[in-house]
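Some notes on the structure that comes next.
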Amino acid sequence: MVNAWHLRQDGKFFPVQVHLYAMGDGDLSSEAEVASFLLKTDSEDKRLSRRIIDAWIALCLEDKVRYDDTEEDIIETIRNLPNELPYHFAYPLTGDELVEIHTTANNFNDVDTLYEFIDKILLKEHDDLCLKIRRSINQQFCRIRYGGKLNTVKGSESLWFRISSVGFNWQNVICDFVTDLSSSRPVSDVSVCRDQESDNTEADYFYKTKDGRQCYHMPIQEYLAKESESSPIIDANLLDISRGVYATLWLMFQQGVTYFDAIETLRIHGAVPNRDFWSYFIRKERDRYCVESSEEEDALNRRDQRKLLEIKHLIFSMFPEIADIDIDLDVREKTEGNETGYQSTFVITFVDEKKKTLTLFLASKRPLNNSTARVIARKFQSNIKKLI
């Protein structure tokens, strides 16, 4: 069963075993995998993707060609590349597709021009290509996982969305995906956060709903009820540079323009930013739409305390003979095989009618916010007989 996807801004989604990232590889291998994915899924930034593929091909050929190889020899080596790689792409291009990309680009046709092209890539373009393809996939796609934030935990029905773009409103796209997936498998709750790997941060930032609540393990029906409204249509002239370069870029990203296309558009109009703006836009995204996890945890603690109090009241109503109850919540990491999850243990201490103090441990695989107070109270009711 597929548990991970890349969700595109137009609502189309594509299954993956592992989410794709452009990692700044010296041989452009992860960049080429992302470029291959963009081409095979008919996504934006095809020109950038084809440039990266041909650069990656050149680096692959560096140790494979002989000095007296002809153009035909080089073409045949390219055609055989997919069969000789020590790794596999999630969305691989065929040998014939690689040949077509290479011949159309016409960057090299013999050993001398091959090495000239390699020098050009490594000395002048490598870092820029890595940056552009990384921001291309981060801006076009949202990463989704069923059953956990980074890894799928057996038995979990949580759905996680990790956003790496700036400016773009994913609200309707995510709601459509949640509705579609929940029709074929159980989804208990939804979390929407910034993608830490893309933002290069260890802090967690969760997106807020329209009423200001953090979207962290939000029950699915509550999420859909809050978020399933049309996003506002932005009516503005994208190329009104007089508003400022940053404001123009932000507006383009809101409209779904890719990073590469936005930069190229500004370049044509002679308005290229004089420094990298991405960190500024990430901060802007967080400040406007997110809350840091420490704040989220404070809010969760308050909700947890209210639910624990509700559990107490239910137990008192079931067992009026109980004089006092104390409930502690212990959440611990639990590993089964190669899968890691979390187990909640409710430590319920109560005094029975004989003034005897007893402690009952109730284990739950669900987090507190995914368990109703009534369910936990019924578990107490079922298990108390073992102690009395």
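Laboratory data are not the source of any read-out in this text; all were calculated from the coordinates shown. Small disclaimer: the values here were computed from a predicted structure and weren't measured. Cβ: placed from backbone, ideal geometry, glycine included. Neighbour counts: every protein chain shown.
Local charge for Val16 was computed over the other residues whose Cβ lies under 15 Å away, with Lys and Arg +1 and Asp and Glu -1, and equals +3.
Dipole magnitude for segment 43-84: computed about the Cα centre from +1 point charges on Lys and Arg Cβ and -1 point charges on Asp and Glu Cβ, it is near 300 debye.
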